[in-house]
Amino acid sequence: MDTNTHPQQLPTTIRAFQEALDARDADAALATLTPQAVISDVGETYSGKEALRRFVSEAGAEFTYTDEITKVSRYGEIWVVSHHLEGDFPGGKADLDYRFALAGERIERLDIVLG
């Protein structure tokens, strides 16, 4: 079932993670993840505290870009946050879906895929 929602209706954990990711605040981002969390970013997978810290701190840091949330959906227990990015990265524009799976109040899995 696809339920379109407003970004403010996202669970607090997801909003906190996205804010931490935007700020490159690894400690705040890691606090939203379960110990066994896995992040997959367009095919590259990160797990374990140090790899996840590196992902939050470094992913996309070499580029300047804008990031606009274009849609928020919920499919059962999966939250999907669609982003539109524009910047100085190859191609200049990208649409990405951030697919979050929660375990209780924390993020257990995040899959970032081309939208």
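Here is a check on your reading of the model: is GLN36 open to solvent by 60 Å² or more (accessible area, probe 1.4 Å), of a type in the set (S, T, N, Q), farther than 16 Å from ILE112 by Cα and in a helix (DSSP H, G or I)?
Working: open to solvent by 60 Å² or more (accessible area, probe 1.4 Å): yes; of a type in the set (S, T, N, Q): yes; farther than 16 Å from ILE112 by Cα: yes; in a helix (DSSP H, G or I): no.
For GLN36, the condition - open to solvent by 60 Å² or more (accessible area, probe 1.4 Å), of a type in the set (S, T, N, Q), farther than 16 Å from ILE112 by Cα and in a helix (DSSP H, G or I) - is not met.
Under the condition of being among the aliphatic types (A, V, I, L, M) and more than 16 Å from LEU114 (Cβ to Cβ), which residue from segment 70-89 is most open to solvent (accessible area, probe 1.4 Å)?
ILE78
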Check: Would you call PHE100 of a type in the set (Phe, Trp, Tyr) and open to solvent by less than 40 Å² (accessible area, probe 1.4 Å)?
Finding: yes
Margin query: Can you pull out every residue in segment 55-108 that is of a type in the set (Val, Ile, Thr) and not in a helix (DSSP H, G or I)?
Written below: THR64, THR66, ILE69, THR70, VAL72, ILE78, VAL80, VAL81, ILE107
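Please determine, by comparing only the residues of segment 103-115 that are surrounded by fewer than 17 Cβ atoms within 10 Å (Cβ to Cβ) and within 14 Å of ARG15 (Cβ to Cβ), which one is modelled with the highest pLDDT.
Narrowing segment 103-115 to residues surrounded by fewer than 17 Cβ atoms within 10 Å (Cβ to Cβ): 103-106, 108, 113-115.
Filter once more, keeping what is within 14 Å of ARG15 (Cβ to Cβ): 105-106.
Numbers: GLU105: 93, ARG106: 97.
That would be ARG106.
Quick one: count up the residues across segment 1-29 that are closer than 14 Å to GLU58 by Cα and either modelled with pLDDT of 95 or more or in a helix (DSSP H, G or I) (or both). Lay out the reasoning, then the answer.
To start, the set of residues in segment 1-29 that are closer than 14 Å to GLU58 by Cα comprises 20-27, 29.
Within this subset, residues satisfying the condition of being either modelled with pLDDT of 95 or more or in a helix (DSSP H, G or I) (or both) are 20-23, 26-27, 29.
The number of residues fulfilling the criteria is 7.
The values are calculated or read from the model by the stated rules, or taken from the named source; none is laboratory data. What you see is a predicted model; the values in this text were computed from it and never measured. Cβ: placed from backbone, ideal geometry, glycine included. Neighbour counts: every protein chain shown. Side chains included, ligands, DNA and RNA excluded: accessible areas come from the protein's heavy atoms. Shrake-Rupley method; radii C 1.70, N 1.55, O 1.52, S 1.80 Å.
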